[in-house]
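J.: The structure under discussion is supplied below as structure tokens; questions concerning it will follow.
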Amino acid sequence: MHKDHIYAEPLAHIQDFRFDDQVADVFPDMIQRSVPGYQSIIQTIGQLASRYQQANSHFYDLGCSLGAASLAMRRNISAAGCKIIAVDNSPAMVQRCQRHLEAFRSEVPVTVLEGDIREVAFENAAMVVINFTLQFLAKQDRSPLLKKVYQALKPGGILVLSEKIISAHSRSNQLLVDLHHDFKRANGYSELEISQKRTALENVMQPDSIAAHQQRLEQVGFTESTVWFQCFNFCSMIAFKQP
Ligand SMILES: C[S@@+](CC[C@H](N)C(=O)[O-])C[C@H]1O[C@@H](n2cnc3c(N)ncnc32)[C@H](O)[C@@H]1O
Ligand SMILES: O=C(O)C(=O)C[C@]1(C(=O)O)C=C[C@@H](O)C=C1
């Protein structure tokens with residue numbers, strides 16, 4: 001696995017963070033060392049696919065990167081006529097995702113689409129995963145996407161939404177950010193790497209609070225949702241469409 005050294009040397013100009021070839025090459029190492037609980041979240045997505053699968057339905061992985069969530073779902077789907085659709089708008093990610101999925105054999109078909117999740121049409125879904133991707137959309141684009149997801153879900157279907165979050169209170173927010181930075185230090189990132197990446201993400205990633213997520217989910221039709229995972233300022237929620 002290629003190690004992430006992208007922000008290790010001082011950069012004269014820190015560009016906005018992009019999911020380009022350089023990031024795609026080190027992505028498994030980067031996300032593992034940056035997101036507390038990432039592996040548990042991926043594993044649980046597999047468990048949820050097993051529980052919420054319905055025959056003849058679609059499973060979407062929106063902002064799939066290298067396809068970790070698609071792989072976890074694929075390993076756990078046994079119902080007939082199911083199909084996974086993984087979407088990402090980064091050509092660097094889509095290329096590698098395709099190769100990654102081809103490296104393992106499975107009966108469950110996966111289609112990898114290069115496209116913008118705001119523009120792709122969804123239907124007949126038993127499960128939709130948006131794992132650390134909604135945070136990269138402009139705030140005004142978040143509700144329309146979630147509304148489209150709600151409408152595409154079959155009765156009894158679920159959305160898994162994982163996000164970096166902010167806390168409404170400044171003292172708790174600062175603590176969660178500090179604990180996250182400690183996590184990064186413990187995983188070998190230097191102060192320079194932490195601060196340069198923070199600057200790179202500043203304009204491209206706008207986290208919401210858990211309350212804002214819950215309110216938005218309710219507004220688009222999800223009458224029930226729950227936080228099933230939180231570690232520091234990272235969380236994962238499940239929203240249910242009534243059976
Ligand atoms: C943090 S990564 C997601 C990680 C991945 N879901 C996983 O679990 O390993 C965010 C991904 O969302 C993609 N992305 C961001 N905005 C997008 C959009 N509007 N349409 C499609 N993909 C998008 C990026 O290219 C990137 O690969
Ligand atoms: O490194 C951070 O501080 C992050 O916010 C991690 C985060 C994310 O939450 O999506 C940001 C960009 C990378 O794609 C991987 C993970």
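The values are calculated or read from the model by the stated rules, or taken from the named source; none is laboratory data. All of these numbers come straight from a predicted model, not from anything done at the bench. Note that we place each Cβ from the backbone using ideal geometry, even for glycine, and neighbour counts take in every protein chain shown. Heavy atoms of the whole protein, side chains included, go into the accessibility calculation; ligands, DNA and RNA do not. Shrake-Rupley method; radii C 1.70, N 1.55, O 1.52, S 1.80 Å.
J.: Given the criteria polar (S, T, N, Q) and within 16 Å of ligand 2 (Cβ to nearest atom), does Ser236 qualify?
T.: yes
J.: Give the residue, chosen from Arg74, Arg118, Arg99, that is open to solvent by less than 30 Å² (accessible area, probe 1.4 Å) and either within 16 Å of ligand 2 (Cβ to nearest atom) or basic (Lys, Arg) (or both).
T.: Arg74
J.: If you check every pair at least six apart or on different chains, which have Cβ atoms under 6 Å apart with a residue in segment 125-140 that is outside any helix (DSSP H, G or I) first and a residue that is near ligand 1 (Cβ under 8 Å from one of its atoms) and of a type outside the set (A, V, I, L, M, F, W, C) second?
T.: Pairs that qualify, where the first residue is outside any helix (DSSP H, G or I) and the partner is near ligand 1 (Cβ under 8 Å from one of its atoms) and of a type outside the set (A, V, I, L, M, F, W, C), are Val129/Asp61; Asn131/Ser162; Phe132/Ser162; Thr133/Gly63.
J.: Specify the residue that is farthest from Ile42 (Cα to Cα); the eligible residues are those in segment 76-94 that are without any contact (Cβ under 8 Å) to a residue 40 or more places away in the chain and in a helix (DSSP H, G or I).
T.: Filtering segment 76-94 for residues that are without any contact (Cβ under 8 Å) to a residue 40 or more places away in the chain and in a helix (DSSP H, G or I), the one farthest from Ile42 (Cα to Cα) comes out as Pro91.
J.: Within segment 128-151, count every residue that is of a type in the set (Val, Ile, Thr) and within 11 Å of ligand 1 (Cβ to nearest atom).
T.: The qualifying residues number 3.
J.: Does segment 41-48 contain any residue that is in a loop (DSSP other than H, G, I, E, B) and open to solvent by 10 Å² or more (accessible area, probe 1.4 Å)?
T.: No.
J.: Now, a different point. Name the residue, out of Asp20, Asp25, Asp4, Asp16, that is among the charged types (D, E, K, R) and open to solvent by less than 20 Å² (accessible area, probe 1.4 Å).
T.: One residue alone meets the criteria, Asp4.
J.: Next question. Search segment 59-71 for residues being outside any helix (DSSP H, G or I) and within 16 Å of ligand 2 (Cβ to nearest atom), and hand back the single one that is nearest to Val120 (Cα to Cα).
T.: My answer is Leu62.
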